[in-house]
């Protein structure tokens, strides 16, 4: 045994550990491993340590920081993944491990599960609330677009904007998938949102985040939490136009509006210029027609007021005729003194007449100006307010009159109900009368009818009694009560 033992090479612990490391690395090289992530831990350096496991074994793994930056999804515990890397050992702990170079989810189901978990968490924070949604501007002056500058998406958007209503467009070029896409998209949204008003570059009134269709992996950058939070925090109304109509990403839920395609986003952003011009023409025609009606109404009102004022010529006509009469009378009275006196009186009265006429003309002019001013100030809004005020004053009186009418109708109905009750058959039965009915429920009112019936029902106040009729052929004799018989009752055989 001692000779055999002496033939075995002797290694130090370090020599053996590194020899195993070289052997493992040379024998396996690049491997592809599928398993479920367990013990996921991110170190302060940015590296990630985890374990891949299945139902029978566990394999330690490490992913360096630069590898994580190239991933299109966020790994975590419980996620089944496929890792490509190199197998090596860690001599410090006598462990072998996989150095991950690439990692991808093991199927769509894993991505959908991660997406659903992220959606529920962000929804619980209120990032998708409808109350956060803002309306789009009717006609934005500047539109910011976050998309790839080389794809067909930007050409489709610009072409549709040119067709509908040309606007100024600012393009923030970003990669829409792959490494660094999520950071670039979030930075573009934050950049547009943080632009100052009145700066050298105009701040957009609307933002469109657009990308063409693709698989769930291609669109994954728009499901990243950093992108969703940037869209929710954006201070500018945002339209999400990612993928085709059937594709749904988390940015669609956080955006103010979602467009099924990038082309539809351009249609939502601006109206059709021709339709807008037609609408403006219609509004202008309605405004002109309304203004014309208002002016015509004011003109008729002024004409009506003017008809109530006497024309100055009518006021002066009588005075002029009287002046002519006085002049003729003066001509027939030639004495100079009389003529002089009359001339003085005439001149005085003429001066007063001129003053009165001028004053009346001035007051009429002022009244007409005041009325015209009031008519010019009066608008349809004032008349509407007057009508509403009148309606408010009349409403309590109408309400009171309605309640009084309903109360009178109610009292009349109660009186008629009491009358019907007092005249009803039940009150007759309570006074000792009965009703006789045949098998069909019809009333029997004569003895001949009763004789022809097989069965009769006699209805009392509290119940009905079924009887078989037996006709008595003797005449009905009505007897007086004993106390009411007269002294000759014994001799009289007939009824009174």
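Values quoted throughout were computed directly from the atomic coordinates according to the rules given, and no laboratory measurement underlies them. This one's a predicted model, so the numbers in the text were calculated from it and none came from an experiment. Cβ: placed from backbone, ideal geometry, glycine included. Neighbour counts: every protein chain shown.
Taking the simple approach of a point 7 Å from Cα along Cα-to-Cβ for both residue 301 and residue 235, what is their distance in nm?
4.8 nm
What is the percent of Cα-Cα separations in region 184-332 that go past 22 Å?
Details: 7236 of 11026 pairs.
Summing the P(r) of region 184-332 above 22 Å gives 66 percent of all pairs.
Taking R0 as 35 Å, what's the FRET efficiency between residue 56 and residue 118 from their Cβ-Cβ distance, rounded to 0.05?
Working: r = 31 Å, r/R0 = 0.88.
It comes to 0.70.
Place the peptides 134-144, 176-186 in order of packing, highest mean first, counting for every residue the other Cβ atoms within 10 Å and averaging per peptide.
Working: 134-144: 15.5, 176-186: 18.8.
So the order, starting with the most tightly packed, is 176-186, 134-144.
Return P(r) of region 259-329 (all Cα-Cα pairs; 10 Å bins starting at 0; whole %; ordered from short to long distances).
Values per bin, smallest distances first: 15, 16, 15, 13, 12, 9, 8, 6, 4, 2, 0.
At a threshold of 8 angstrom on Cα-Cα distance, excluding pairs fewer than six apart, so keeping six or more, what relative contact order does region 128-271 reach in percent? It would help to have the intermediate numbers written out before the result.
Details: 286 pairs, mean separation 44.2, N = 144.
Relative contact order of region 128-271: 31 percent.
Once fully extended, how much extra length lies between residue 82 and residue 368, figured as 0.36 nm per residue of separation less the alpha-carbon to alpha-carbon distance? Intermediate values should be presented prior to the final figure.
Values: separation 286, 0.36 × 286 = 102.96 nm, distance 9.43 nm.
Once the chain is fully extended between residue 82 and residue 368, it gains 93.5 nm.
Any chance you could run the full-extension gain for residue 285 through residue 468? It's 0.36 nm times the residue separation minus the Cα-Cα distance, nm to one decimal.
56.7 nm
Shape call for region 391-442 from the C-alpha gyration tensor, a ≥ b ≥ c root eigenvalues: rounded (a/c under 1.5), prolate (a/b greater than b/c) or oblate?
prolate
Taking one equal scatterer on every alpha-carbon of the chain, how large is log10 of I(q)/I(0) by Debye at q = 0.06 1/Å?
For the requested q values the scattering log ratios are -0.72.
Relative contact order for the chain: what is it in percent, counting Cα pairs under 8 Å that are at least 6 residues apart?
Numbers: 591 pairs, mean separation 39.6, N = 496.
Contact order relative to length: 8 percent.
Among 154-163, 229-238, what's the highest-first ranking by average C-beta atoms within 10 angstrom per residue? Present the calculation step by step, with values, prior to reporting the outcome.
Details: 154-163: 16.8, 229-238: 20.4.
Result, highest mean Cβ count within 10 Å first: 229-238, 154-163.
Pop a pseudo-label 7 angstrom from the Cα along the beta-carbon direction at both residue 264 and residue 106 and give the gap in nm to one decimal.
Label at residue 264, label at residue 106, 3.7 nm between them.
On full extension of the chain, what length is gained from residue 449 through residue 20, given 0.36 nm per residue of separation minus the C-alpha to C-alpha distance? Can you show the working numbers first?
On the way: separation 429, 0.36 × 429 = 154.44 nm, distance 12.69 nm.
Working it through step by step, the gained length comes to 141.8 nm.
To the nearest µm²/s, what D does Stokes-Einstein give for region 128-271 at 37 °C and 0.692 mPa s, using the Kirkwood radius over alpha carbon pairs as Rh?
Calculated translational D: 222 µm²/s.
Relative contact order for region 196-321 using alpha-carbon pairs under 8 Å, separation at least 6, rounded to a whole percent?
Details: 116 pairs, mean separation 23.8, N = 126.
That works out to 19 percent.
Per DSSP H run of n ≥ 4, the term is -39500 (n - 2.57); total these for the chain, divide by its residue number, and report the mean residue ellipticity at 222 nm rounded to 500 deg cm²/dmol. Let's see the in-between values first.
Working: 15 runs with 243 residues, N = 496.
About -16500 deg cm²/dmol.
On alpha-carbon atoms, Rg over Rh for region 13-106 using Kirkwood Rh? Please report the intermediate quantities before stating the final value.
Details: Rg = 13.3 Å, Rh = 13.7 Å.
Across region 13-106, the Cα-based Rg/Rh ratio is 0.97.
Restricting things to Cα coordinates, could you compute the convex hull volume per residue of region 166-250 in Å³? Walk me through the numbers before you get to the answer.
Working: hull volume 8.5 nm³, N = 85.
Each residue corresponds to 100 Å³ of Cα convex hull volume.
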